[in-house]
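Sharing a structure here in structure tokens format.
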Amino acid sequence: MGGTGRAVSAEGLGKRYGETAALDGFDLTVPEGTVCGLLGPNGAGKTTAVRILATLLRPDGGRAEVAGFDVASRPAEVRASIGLVGQHAAVDEVLSGKQNLEMFGRLYHLSPGRARRRADELLARFELAGTGNKPAKQYSGGMRRRLDLAASLILEPAVLFLDEPTTGLDPRSRNEVWEAVRSLVDGGTSVLLTTQYLDEADQLAGQIAVLDRGRVVANGTPDRLKSLIGAERIDVVVHHAGEISTAVAVIGRISGNDPELDVDNRRISAPVRDRVAALTDVVRALHDAGIEAEDIALRRPTLDEVFLRLTGHRAGRPAEEVAT
Amino acid sequence: MTTSVLPQTATDRLRWAVADGWTVTRRDLAHWVRQPGPVIFSLLFSVMIVLMFGYLFGGAMAMPGRAGGGQASGDYREFLMPGMFVMTMLFGVGETVSAVTADARKGVTDRFRAMPMAPSAVVVGRGTADMLNAILVLLVMIACGFAVGWRAHGGVPETVLAFVLVLLLRFALIWIGIYLGLIIKGEEGVTMVQTLEFPLGFLSSAFVAPSTMPGWLGAVAEWNPLSSTILATRELFGNPGWGGDSWITQHALLMAIVWPLLLVAIFFPLAVRRYAALGR
């Protein structure tokens, strides 16, 4: 570390592909030893940001330091300080897990003996020790991702980048990866992870940055972000279209927010803070108003709703993810 | 803490480049051992082509320089083998392209690029592995040639020079393969390259003498860089079918050196630029 106390600091990063700005004034600071979740839909620029910070892409503008080293002028030092887990499990599928880790260990310039010992350590740590000589191609998705993670940790990097580490994994494999990330963080590694899932950022990150059209539009602890967007939402579906306006007024009063309205489905939706109290209040108030609800449910906000609230527009598909 | 020390001096950097390149080469050699199927298949495929042309079509092939034909088909196999040595080098392009695109597609190239290893190692390792593969293929083809009655009639220096020329061509083709592999994204592109190898090979002096083709087509075949290596090696082996009236056939030996060097001069910088452009 360069002694800056910052694992990542980016100022005004920009990256254009023709007419499309993949990143546009991207600012982010990740303090040492913390986990930052970069949250955004496809095309928001998450992967572009990670690729620039991992020295895989050169930015058009702005500057960035990783582990105290400038990514543009000292890429070799940055590479020696980071681990990168991309969207694909970037391992050799013909080789076994052990052969993969030994090869990468040699490319990190460990001696043959140390590379072998390190491979064994990591296989044990990620519960891959029993895989023997099996080629990585026969691993499950979760195992392959753990091998990928192990390969990124050969040098015990100061900063670890995880680009959508659980995309495409089943829930069980996803939990395995989450567990692995948590144990790393306990060991003091700084992590920048990108995700499309609010849930995942909430599970792992102490700081969440919301990315929209190449720019960080909200940044803070999960609690702060939740207080911005409302931790939970209440959904009420009424029987008759004529009841909607009354229900909107009731729910608006209780939640303290303007409810969103889906007229076609007679669905009213609003963020609430105290979930249980809100639920009982809404049920009682609707009953008092003589409205029979078809359905009432509490749920976590979707990424779409987070976006709508933070940016004023739906996440949609503003631009294709250019850098993948 | 497990940390790496970055190289400080030019000597350190060179040592890293060699060591890293060799590590990447060893990865490919490990593939042959763990998954020998594709290597064996490609060897059998080349042997099959020798047998197909040597025995199936060979009897019907008109030999250059002998009006009226009617010669023993053993002559055709003598004519064929130098062409086949070069064809197997051409088949290697598809394998290079396939390996380069697979690494890019699966993110392995990006992992290498984000590691503190010598940047040249990815390409040097690929090239070394492909050259070792070419030597293996050539040894198998020589054995196959002996089995079908092909002989090198020249002296030892001529024979060695002929094989060096074949490998020089493969070396040049590696850079074409790496360049194409960095451009091509999907598996369809790889299949296209592999398919194009055949017309490219047929449009040379590998299987038939260009003098038997229509004038303009014959000229294209004679100027095909593969033809220069084929003609030069036929001459060095003392196999039939070399020579001709045009300038390009008269200077086959010279051009068997010039063509590969020219291809390297074009495609090496292109490949390096393309690799650097991955960061754009």
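The values are calculated or read from the model by the stated rules, or taken from the named source; none is laboratory data. Since the model is a prediction, treat every value here as computed from it, not as a measurement. No Cβ is skipped: glycine too gets one built from the backbone with ideal geometry, and neighbour counts run over all protein chains shown. These area figures cover heavy atoms from the full protein model, side chains too; ligands, DNA and RNA do not enter into them. Shrake-Rupley method; radii C 1.70, N 1.55, O 1.52, S 1.80 Å.
Is there a residue in region B:80-98 that is over 21 Å from the mean Cα position of the chain (by Cα), within 14 Å of chain A (Cβ to nearest Cβ) and under 22 Å from B:K185 (Cβ atoms)?
no
What pairs come up if the first residue lies in region A:94-106 and is facing chain B (nearest Cβ under 7 Å) and free of Cβ contacts under 8 Å to residues at least 60 places away in the same chain, the second is in a helix (DSSP H, G or I) and of a type in the set (S, T, Y), and their beta carbons are under 8 Å apart, counting only those six or more places apart or on different chains?
These pairs meet every condition: A:M103/B:T23; A:R106/B:T23.
Continuing with this model, one more query. Being open to solvent by less than 70 Å² (accessible area, probe 1.4 Å) and free of Cβ contacts under 8 Å to residues at least 60 places away in the same chain is the filter; apply it to region B:33-49 and report the residue that is farthest from the other protein chains (Cβ to nearest Cβ).
Once the filter is applied, the top-ranked residue is B:I49.
Here is a further query. State whether the residues of region A:114-123 include one that is in a helix (DSSP H, G or I), open to solvent by 50 Å² or more (accessible area, probe 1.4 Å), more than 12 Å from chain B (Cβ to nearest Cβ) and at pLDDT 95 or above.
Yes, because at least one residue in region A:114-123 is in a helix (DSSP H, G or I), open to solvent by 50 Å² or more (accessible area, probe 1.4 Å), more than 12 Å from chain B (Cβ to nearest Cβ) and at pLDDT 95 or above.
This table checks each residue for (1) surrounded by 19 or more Cβ atoms within 10 Å (Cβ to Cβ); (2) touching a Gly at 6+ places or on another chain (Cβ under 8 Å); (3) facing chain B (nearest Cβ under 7 Å).
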position: A:L56; (1), (2), (3): yes, yes, yes
position: A:E65; (1), (2), (3): yes, yes, no
position: A:G83; (1), (2), (3): yes, no, no
position: A:D92; (1), (2), (3): yes, no, yes
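Here is a follow-up. How many residues are within 16 Å of A:D163 (Cα to Cα), assigned to a strand (DSSP E or B) and either free of Cβ contacts under 8 Å to residues at least 60 places away in the same chain or among the small types (G, A, S) (or both) if we restrict to region A:23-41?
Counting residues in region A:23-41 that are within 16 Å of A:D163 (Cα to Cα), assigned to a strand (DSSP E or B) and either free of Cβ contacts under 8 Å to residues at least 60 places away in the same chain or among the small types (G, A, S) (or both) gives 1.
What helices (runs of 4 or more DSSP H) lie completely within region A:196-284 and have 3 or more residues being within 30 Å of A:C36 (Cβ to Cβ) and open to solvent by 70 Å² or more (accessible area, probe 1.4 Å)?
The helices (runs of 4 or more DSSP H) meeting that bar are A:222-229.
Another question, then. What single numbered condition from (1) surrounded by 13 or more Cβ atoms within 10 Å (Cβ to Cβ); (2) of a type outside the set (S, T, Y); (3) more than 16 Å from B:I135 (Cα to Cα) fails to hold for B:M52?
So B:M52 meets the others, but not (1).
Looking at this structure, is A:A72 small (G, A, S), closer than 30 Å to B:Q8 by Cβ and either open to solvent by 10 Å² or more (accessible area, probe 1.4 Å) or at pLDDT 95 or above (or both)?
Yes.
Could you list, in sequence order, the residues of region A:67-96 that are in contact with a Ser or Thr (Cβ under 7 Å, 6 or more places away or on another chain) and among the aliphatic types (A, V, I, L, M)?
Listed by number, the residues that qualify are A:A67, A:V71, A:V78, A:A80, A:L84, A:V85.
B:E222 - would you say it is in a helix (DSSP H, G or I) and farther than 21 Å from B:S46 by Cβ?
yes
Checking B:L136 against (1) open to solvent by 20 Å² or more (accessible area, probe 1.4 Å); (2) within 14 Å of chain A (Cβ to nearest Cβ), only one condition comes out false. Which one?
(2)
Among the candidates B:G154, B:G92, B:G83, single out the residue that is surrounded by fewer than 21 Cβ atoms within 10 Å (Cβ to Cβ) and either in contact (Cβ under 8 Å) with a residue 12 or more places away in the chain or under 17 Å from B:V50 (Cα atoms) (or both).
Matching residue, one of B:G154, B:G92, B:G83: B:G154.
Something else about it: Sort out which residues of region A:133-149 are under 19 Å from the mean Cα position of the chain (by Cα) and either away from chain B (no Cβ under 11 Å) or β-branched (V, I, T) (or both), and write them in order of number.
A:G141, A:G142, A:R145, A:R146, A:L149
Shifting gears a bit: For A:A180, state whether it is of a type in the set (G, A, S), at pLDDT 95 or above and open to solvent by less than 20 Å² (accessible area, probe 1.4 Å).
Criteria not met by A:A180.
Let me ask another. Of the residues B:V220, B:V166, B:V193, which single one is of a type outside the set (D, E), surrounded by fewer than 18 Cβ atoms within 10 Å (Cβ to Cβ) and in contact with a Leu (Cβ under 7 Å, 6 or more places away or on another chain)?
Unique residue meeting the criteria: B:V220.
In addition: Would you mind telling me which numbered condition in (1) free of Cβ contacts under 8 Å to residues at least 12 places away in the same chain; (2) out of contact with any Leu (no Cβ under 9 Å at 6 or more places or on another chain); (3) under 30 Å from A:A158 (Cβ atoms); (4) within 10 Å of another protein chain (Cβ to nearest Cβ) B:V18 fails?
Of (1) free of Cβ contacts under 8 Å to residues at least 12 places away in the same chain; (2) out of contact with any Leu (no Cβ under 9 Å at 6 or more places or on another chain); (3) under 30 Å from A:A158 (Cβ atoms); (4) within 10 Å of another protein chain (Cβ to nearest Cβ), only one is false for B:V18: (4).
I'd like the full set of residues that are of a type in the set (G, A, S) and crowded, with 21+ Cβ neighbours inside 10 Å, limited to region B:175-190.
B:G177, B:G181
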